[in-house]
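Read-outs throughout are calculated quantities, based only on the coordinates presented, and are distinct from any laboratory measurement. Bear in mind the structure is a predicted one, so any value in this text is a computation, not a measurement. Cβ coordinates were reconstructed from backbone atoms using ideal geometry, including for glycine residues, and neighbour counts include every protein chain displayed.
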Amino acid sequence: MRKIPVTRDGRKDSEILLISSSDVVKVESFRENQLLIHTLDEVYYFSATLDSLEEWLYEDGFRLIDRTNIVNMNYVVNYDSNSGVVTLGVPGRKRRKQASAARIHRDHIINVMEMLRIASAAKKEGYPENDPSHDQLRKLIEESQDDPYLRSYSMIHAVYERNRAEKRLVESEQRYKSLFENNPDAVCSLDAGGRIITVNPAMVKITGYAAEELTHKPIADLLLPGESTRWEKHFALALEGQTQYFEQTFIRKDGLASIMSFIHVPIYVDGGINGVYVIAKDITERKRSDELLIKSEKLSVVGQLAAGVAHEIRNPLTSLKGFVQLLKSKVNDYDHYFDIMLSELDRINFIVSEFLVIAKPQAVKFQVKDTASILLSTVALVNTQAIMQNVEITTRLNEPLPSVLCDENQIKQVFINVLNNSIEAMPDGGVIVIEVFAKNGNIVFLFTDQGVGIPEERIPRLGEPFYTTKEKGTGLGLMVSYKIIENHHGRMSITSELGRGTTVEVSLPIAQPEP
Ligand code: ADP
Ligand code: MG
């Protein structure tokens, strides 16, 4: 029987006590260089590093539970494999100690307990016969003739088991980590309170936020205002164990909205759910092209319909117009009314023709046309609406202006689109200045308004089909305009300052005189 030198209660001046190692049931590292030695009756402090003690302890029958918990296996009376706690005690005495055995393989502790039980029974009653499951044990006991051998076998086995388990853990951790790190989809884990705990590189890339920024952000900041309830509903269901699939809009750091498809997967730890994995894919592009397809399909259906209707309307219009003109020449005194009727009929005709333009591309007729007259007649067309909106259109022409080779109607359509956009950008009225001048073989038209302007990052999107910020907009005006100007070998560009106004520049090549 060996004695362990201990300092009682950690007091430096206290005398050194010697206690029998078989009284020690548990050694626990307390602070660095301080070990708590548990006997069944008393607690003592011992100042030494664990390493220096370990070898000695092993020899004396102690088992490694983990680096900081060493228990005397001879005193293990119970092991709860659920909580990983061993209970230590001496038979016939009331006091019990507990130690955590979480890091050791549970089968191993049970095995050792069983071995020791059999060994002590064997000591009293002789070795069990005819039981093949005890063969290994009997061999061990026979070879060693001594419990300490058994103990050190158990100890080595325990360390081996632990290393193996740790290695397996590290490997499987790396496997999961690789799935997490290299996943092309954004993956993040949330705790049960919905806070972001970890994010993968794809998440950083897709959202534009750094990982640290994300882990400090409440989810609500990343969603559209008022949309967090929906998120929370799915999150709560996932916490109850139901995997969720849904789509929701996500706000990136640059303020752009991305439509994402989300999967919420419960995270199970020790049989309970303690968080949720979120896997997200950016489906904005897919959604947009789906929408585009639907819209353009709609448009072509509407267009075909419009073309049919337009055609049917134009024929009766022609006869209406003819008869109004006839009546006007026959009836005196009502010229004013007839003029209104005629101009309204012209307007109907114009609107219907516009329909036809959308419905099918008209045969373009390129002719040399006078620049000023195209512009002035367009302004006259738009002016009524401008005046109603409190907008004044000022034109500055540096005449004489050279002519352009163009399809007059198409160029008018471009100017109408541009002017309408400017009027719509000035809900409280304002001034539109149109400047026209010749420059480097081109005629340049500058349309400048005092409207709301366009944010810089949106400018590249202008001219995309269906890109509109207006409730009743079509997002087709600029697209058609760009297309027309392109067909005329011209150029169209937009510059804008938010809150100050927008300038649209259209330039067309000057018509070469016929040889
Ligand atoms: P729509 O007028 O039907 O919206 P457009 O293709 O004509 O479609 O214009 C697309 C978008 O470009 C508009 O919704 C608007 O946001 C922006 N825009 C175009 N012109 C202007 C302008 N002069 N001032 C401010 N925004 C403009
Ligand atoms: Mg428009």
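Annotations
- Database remark: amide H of I283 closer than 5 angstrom to the amide H of I259, M260, S261 (H placed geometrically; neighbours at sequence offset of 5 or more, or on other chains; Pro and chain starts carry no H).
- Cα centroids of segment 169-234 and segment 462-515: 42 Å apart.
- Extended-chain gain in nm, criterion 0.36 nm per residue less alpha-carbon gap, E247 and V309: 18.3 nm
- All Cα-Cα separations within segment 160-274 were binned at 5 Å from zero, giving a P(r) of 2, 11, 17, 23, 20, 12, 7, 4, 2, 1, 0, 0, each value a whole percent of the pairs.
- Label separation (S319 vs Y268): 8.0 nm, computed from points 7 Å beyond Cα along the C-beta direction.
- Entries in K177/K205; K177/K287; K321/K369; K328/K369; K412/K483 that, when Cα-Cα distance is taken, lie over 22 Å: K177/K287; K321/K369; K328/K369
- Based on alpha-carbon atoms, the Kirkwood radius and the radius of gyration of segment 409-467 give Rg/Rh equal to 1.00.
- Residue order, fewest to most surrounding Cβ atoms within 10 angstrom, among V76, V504, V452: V452, V76, V504
- Global dimensions of segment 414-515 from alpha-carbon coordinates: Rg and Dmax equal 14.2, 51 Å.
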